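Reading through the structure tokens given below for one structure.
The values are calculated or read from the model by the stated rules, or taken from the named source; none is laboratory data. Given the structure is predicted, the values throughout are model-derived calculations rather than measurements. No Cβ is skipped: glycine too gets one built from the backbone with ideal geometry, and neighbour counts run over all protein chains shown. Heavy atoms of the whole protein, side chains included, go into the accessibility calculation; ligands, DNA and RNA do not. Shrake-Rupley method; radii C 1.70, N 1.55, O 1.52, S 1.80 Å.
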Amino acid sequence: MASRAVVKFTPQLKEIRIHLCQKSPQSQGLRDFVKKYYTDLKSENPSLPILIRECSGVEPKIWTRFEFGREKSAVVSGLPAEEILKAFSNLTTK
């Protein structure tokens, strides 16, 4: 898979939240995902808030929030960055 993630999100998507641990091996794939894909995702979607929260020992998880407060989430513990990109694309479709 290419190292560039060119994804233009639907206007109904209002926010993305990423929770990860700075040190745990379970969060390594999510840390790699952020390093590898965040810049491209943000440049393609400059007005969309993408919140990255780090907390020691937290379970790596991604949330998406749509219109009217509807949310979807996925636990991405132990997954490599490429698999997280697939899970991420499933979460960002309404």
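Observations, loosely collected:
- Lys pairs, segment 13-91 - Cα-Cα below 20 angstrom, 8 or more residues apart or on other chains: 17
- Residue-averaged [θ]222 nm for the chain, counting only DSSP H segments that reach four residues, each worth -39500 (n - 2.57): -9500 deg cm²/dmol
- Assigned charges on the beta-carbon of Lys, Arg, Asp, Glu; segment 13-91 dipole about Cα centre (debye): 140
- Most positive-pole-ward Cα, TRP63, TYR37, PRO80, against dipole of the chain from beta carbon charges: TRP63
- Segment 13-91: relative contact order as a whole-number percent, Cα under 8 Å and 6+ apart: 43
- Protein heavy-atom surface of the chain, 1.4 angstrom probe: 52% of the accessible area is carbon and sulfur, with nucleic acids and ligands not counted.
- Label point distance in nm, SER47-GLU83, each placed 7 Å from Cα along Cα→Cβ: 3.6
- In this simple spin-label approximation, GLU67 and LYS23 carry label points 7 Å from Cα along the Cα→Cβ vector, and these lie 4.5 nm apart.
- Accessible area in square angstrom per residue, segment 22-78, 1.4 angstrom probe: 58
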